[in-house]
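Everything below concerns the one structure shown next.
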Amino acid sequence: MKKCFKIFTAAGIAGSMFLCCSSVENPEDTPKVSTLKEAPYVSGCAVVPSLLRTNLDYSATVVREMRSLTAENAMKMDAISAGKGQYNWTDADYIVDFARKNGMRVHGHTFVWHQALPSWVKEFKGNRDEWIALLKEYVTDVATHFRGNIASWDVVNEAFNDDGTYRSTPWYDNIGPEYIELAFKFAREADPDVLLFYNDYGMEYSKAKSDAICAMAEDFKTRNIPIDGIGLQMHVNVNSQIEGFFSSINAAAETGLLVHVSELDVALNPSKDENMTLTETMLQKQKIVYKSMVEAFMSVPAAQRYGITLWGLDDSHSWLTPNPDWPLPFDADFNRKPAYFGMIEQ
Ligand code: G3I
């Protein structure tokens, strides 16, 4: 791994820069831009408040490279609400404040999901109307709290199975499929300006799922259910079929909505081999996957390109790394990997 040295300029962390021995692998690959922040798309990453607060390398890299932040966990229901009508905004507000101080956009993740549910919701017993009332109160309170400080929300996350059927979740089981449109309506009523996204994974490998999501989006548009965009998570791996990136992203773009690659990472150890070790060959294959994802995203009409958000920043802070893996464009020392250059080479 080429060693890079950080030079903190007089401008402080925001102005920090890298002096790398030879940070670009091949001179002919010299990127036309020098940071993700300068890329021809809005670069973002999922962030963790404790790391923003305490890890200077982490926060400096976020400020230097990113134009958008997503809360990896701090805006989920289990992080915000310990009880009905009870909220703790501290960590979520830290991210919003950090973004505002550094001129960044914030993407909210997520009002409605089947994971990250607090105990009080898991244990809630009520009829359909009472579940709808719970949903309305939560979405309204959270959207209202962040109104004016958050550009967009994943209103509903992962509502479909890979075969295109609705996923059985407490929301679906107690309200029916209408919970999705109700969540979008409640969010719009609380915040007339925020952009509202549906977010999911697997559109790149399941046409049935992609078709179901796009059909829902078209139906919402027909019935004037407020929806502004589709988030394709893109938790992919080094063996993923690159054609699926193009087909799924273009299918989402065909709806006319905004397209957000919302949770991008490229696993190098999808089989979770505990003995896996990292090689330069793997890093170069990973670069191709990242580069292809950017190419697929850039094939969308410019007005529909919402952004490319990484699901984390560096390899030592990824949801994937309980197993050996190196899924992100920065290594554990925040050095730029070949994957990084795959994202900024045109
Ligand atoms: O904060 C608690 C900590 O107090 C406690 O000691 C610890 C051990 O129990 O758990 C901590 O919470 C964990 C949280 O991450 C913060 O680290 C949760 O258990 C853990 O389940 C949670 O995992 C997150 C997961 O979503 C579920 O919310 C991952 O970090 C996060 O990367 C992952 O992200 C999801 C997206 O939201 C949706 N798309 C898929 C993606 C990957 O699963």
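The values are calculated or read from the model by the stated rules, or taken from the named source; none is laboratory data. Every value quoted in this text rests on a predicted model; they were computed, and no experiment measured them. So basically every Cβ, Gly included, is an ideal-geometry build from the backbone, and we count neighbours across all protein chains shown.
Residues that are surrounded by 19 or more Cβ atoms within 10 Å (Cβ to Cβ) and in a loop (DSSP other than H, G, I, E, B) were ranked within the range 70-84; the one that is farthest from the ligand (Cβ to nearest atom) is S81.
If we scan the range 44-56, do we find a residue that is touching a helix residue (DSSP H, G or I) at 6+ places or on another chain (Cβ under 9 Å), among the polar types (S, T, N, Q) and within 23 Å of N199 (Cα to Cα)? No, the range 44-56 has no match at all. Of the residues that make up the range 279-287, is at least one crowded, with 20+ Cβ neighbours inside 10 Å, modelled with pLDDT of 95 or more and within 30 Å of T54 (Cα to Cα)? Yes, there is a match, as at least one residue in the range 279-287 is crowded, with 20+ Cβ neighbours inside 10 Å, modelled with pLDDT of 95 or more and within 30 Å of T54 (Cα to Cα). When the range 48-69 is filtered for residues that are of a type in the set (S, T, N, Q) and either touching a Leu at 6+ places or on another chain (Cβ under 9 Å) or part of a loop (DSSP other than H, G, I, E, B) (or both), the ones remaining, listed by number, are N55, S59, T61. Is it true that I150 is of a type outside the set (D, E, K, R), surrounded by 20 or more Cβ atoms within 10 Å (Cβ to Cβ), part of a loop (DSSP other than H, G, I, E, B) and away from the ligand (no atom under 14 Å from the Cβ)? Yes: the conditions hold for I150.
Considering only the range 165-179, state which residues are among the hydrophobic types (A, V, I, L, M, F, W, C) and either within 16 Å of the ligand (Cβ to nearest atom) or assigned to a loop (DSSP other than H, G, I, E, B) (or both). Scanning the range 165-179 gives a single hit, W171.
Look at the range 320-338: where a residue is under 15 Å from Q286 (Cα atoms) and a partner is basic (K, R), sitting 6+ places away or on another chain with Cβ atoms under 7 Å, you get P329/R336; P329/K337; F330/R336; F330/K337; D331/K337; P338/K287.
Would it be correct to say that A302 is closer than 24 Å to L258 by Cβ, away from the ligand (no atom under 16 Å from the Cβ), without any contact (Cβ under 8 Å) to a residue 60 or more places away in the chain and of a type in the set (A, V, I, L, M)? Spelling it out, A302 is indeed closer than 24 Å to L258 by Cβ, away from the ligand (no atom under 16 Å from the Cβ), without any contact (Cβ under 8 Å) to a residue 60 or more places away in the chain and of a type in the set (A, V, I, L, M). The residues of the range 105-116 that are more than 13 Å from A46 (Cβ to Cβ) and either crowded, with 22+ Cβ neighbours inside 10 Å or away from the ligand (no atom under 14 Å from the Cβ) (or both), listed by number, are R105, F111, V112.
From N199, N224, which residue is of a type in the set (S, T, N, Q) and assigned to a loop (DSSP other than H, G, I, E, B)? Unique residue meeting the criteria: N224.
Restricted to the range 206-236, and to residues there that are under 18 Å from Q286 (Cα atoms) and either in contact with a helix residue (DSSP H, G or I) (Cβ under 7 Å, 6 or more places away or on another chain) or without any contact (Cβ under 8 Å) to a residue 40 or more places away in the chain (or both), the residue that is farthest from the ligand (Cβ to nearest atom) is V236. Out of V96, V139, V63, I need the residue that is more than 16 Å from the ligand (Cβ to nearest atom) and within 21 Å of E158 (Cβ to Cβ). Which one? Answer to the selection: V139. From the list D141, D162, the one residue that fits, being touching a Gly at 6+ places or on another chain (Cβ under 6 Å) and either assigned to a loop (DSSP other than H, G, I, E, B) or surrounded by 13 or more Cβ atoms within 10 Å (Cβ to Cβ) (or both), is D162.
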